[in-house]
Structure formats: structure tokens, C-alpha cells
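Novice: Following this message is one structure expressed as C-alpha cells.
The values are calculated or read from the model by the stated rules, or taken from the named source; none is laboratory data. Note that the coordinates shown come from a computational prediction; the quantities given were computed from them, not determined experimentally. Backbone-built Cβ (ideal geometry, glycine too); neighbour counts: all protein chains shown. Accessible surface is based on the protein model in full, side chains and every heavy atom, while ligands, DNA and RNA are left aside. Shrake-Rupley method; radii C 1.70, N 1.55, O 1.52, S 1.80 Å.
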Amino acid sequence: MNASKHIQTILNGTIHSLKTILPMNIDVKSPTIATEPYEQKEMGVLIGLVGDLKGRIIIDGSPEIFGAIGSGMFGMPLEGAMLESFTGEFGNMIAGNLCTFTGQHDLELDITPPTVMVGNTKLYGFQQAFKLPATLEGIGDIFILYTIDDEEE
């Protein structure tokens with residue numbers, strides 16, 4: 001399977017994961033190409049992808065957005081250490097669901113443990129990246145960035 005088909009499978013799997021996990025309406029916009037450095041402004045979670053494709057998933061939002069997602073899923077407000085822990089777990093849920101989806105489409109992926117990033121962070125060191133914006137009804141916008149590492153064959 002070629003890289004562009006892998007990327008399409010990952011993007012479709014992400015949309016499927018968001019709609020499966022989140023209990024609110026989601027409007028996913030068209031993906032765009034992102035250039036380095038990618039700048040995360042407030043809060044995000046980074047999860048590595050290994051397997052048939054190597055790269056990273058970064059789910060980028062704000063503490064308010066992640067807090068509202070947590071509140072929508074669990075019915076209680078999250079803040080501080082609980083919010084940071086939830087943000088990592090939310091990344092795990094999206095990425096884990098994505099791996100299940102891609103496995104059903106002949107793309108084997110596994111994930112690394114999540115890294116929660118708080119504050120302004122610049123990400124460098126990727127060959128190409130795709131940014132998938134999504135608006136969560138009643139909450140706001142999140143951005144999902146996929147960075148693809150150089151394939152060494």
C-alpha cells in the first residue's frame with residue numbers, strides 16, 4: 001500500500017474515531033498540509049505511531065476545549081492534574097480506536113504512550129504533516145496533526 005493510501009486511511013480512521021468516541025456532533029473540515037514548525041498554543045497530546053507507517057498524532061486544543069470534552073463525556077468539570085490526565089487518556093482513546101480502524105483496512109499501526117503538552121510548543125523534525133480541523137458542537141475547535149517521518153527503506 002502506498003503512502004497516500006495510508007494517509008487517507010488514517011484521516012478516515014480519525015474521523016471515525018472522533019465520531020465513535022465523542023458524544024456530540026462533529027464537523028470535520030478538509031485536511032490541509034502543515035509546515036514546520038507546527039506551533040501548539042495552549043494544550044495538546046502527542047502520541048507516536050509505529051508499524052507500517054511511522055509518525056505522530058498531535059491533538060491540539062485549549063484547556064477549556066479539553067475540559068468541555070471531558071465534561072461532555074463524564075458529566076463533571078475537569079481541571080488541573082485531572083484535566084491533564086484526561087487529555088492524555090483522550091489521546092489514547094482516539095489513537096487506539098484509530099489503530100483498530102486501520103487494522104481493518106490492511107494498515108498495521110501501534111501507538112506509544114501519550115505525552116501531554118501544556119503551553120506554547122513548536123514541533124520540528126517531520127517530513128510532511130497533515131492538519132485535520134474539527135469543530136465540536138457547543139465546545140469549539142480542535143486540530144489533529146499527523147506528522148509522517150522519513151521512511152528508511
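Novice: Between a first residue in the range 70-90 that is part of a helix (DSSP H, G or I) and a second residue that is polar (S, T, N, Q), which pairs have beta carbons less than 9 Å apart while being 6 or more apart in sequence or on different chains?
Specialist: Close Cβ pairs (under 9 Å, with a partner that is polar (S, T, N, Q)) amount to GLY70/THR87; GLY88/THR115.
Novice: Still on this structure, I have one more. So, in the range 9-28, of the ones that are farther than 28 Å from GLU108 by Cβ and of a type outside the set (S, T, N, Q), which residue ends up nearest to the chain's Cα centre (by Cα)?
Specialist: ASP27
Novice: Quick one: is ILE33 in contact with a strand residue (DSSP E or B) (Cβ under 8 Å, 6 or more places away or on another chain), among the hydrophobic types (A, V, I, L, M, F, W, C), at pLDDT 90 or above and open to solvent by less than 30 Å² (accessible area, probe 1.4 Å)? Quick ask: steps written out before the conclusion?
Specialist: Working: in contact with a strand residue (DSSP E or B) (Cβ under 8 Å, 6 or more places away or on another chain): yes; among the hydrophobic types (A, V, I, L, M, F, W, C): yes; at pLDDT 90 or above: yes; open to solvent by less than 30 Å² (accessible area, probe 1.4 Å): no.
Criteria not met by ILE33.
Novice: So how many residues does the range 1-31 have that are within 18 Å of TYR146 (Cα to Cα), among the polar types (S, T, N, Q) and assigned to a loop (DSSP other than H, G, I, E, B)?
Specialist: Summing the residues that are within 18 Å of TYR146 (Cα to Cα), among the polar types (S, T, N, Q) and assigned to a loop (DSSP other than H, G, I, E, B) in the range 1-31 gives 2.
Novice: In the set GLY55, GLY80, which member is at pLDDT below 95, under 17 Å from ILE144 (Cα atoms), open to solvent by less than 50 Å² (accessible area, probe 1.4 Å) and not polar (S, T, N, Q)?
Specialist: Only one candidate qualifies: GLY55.
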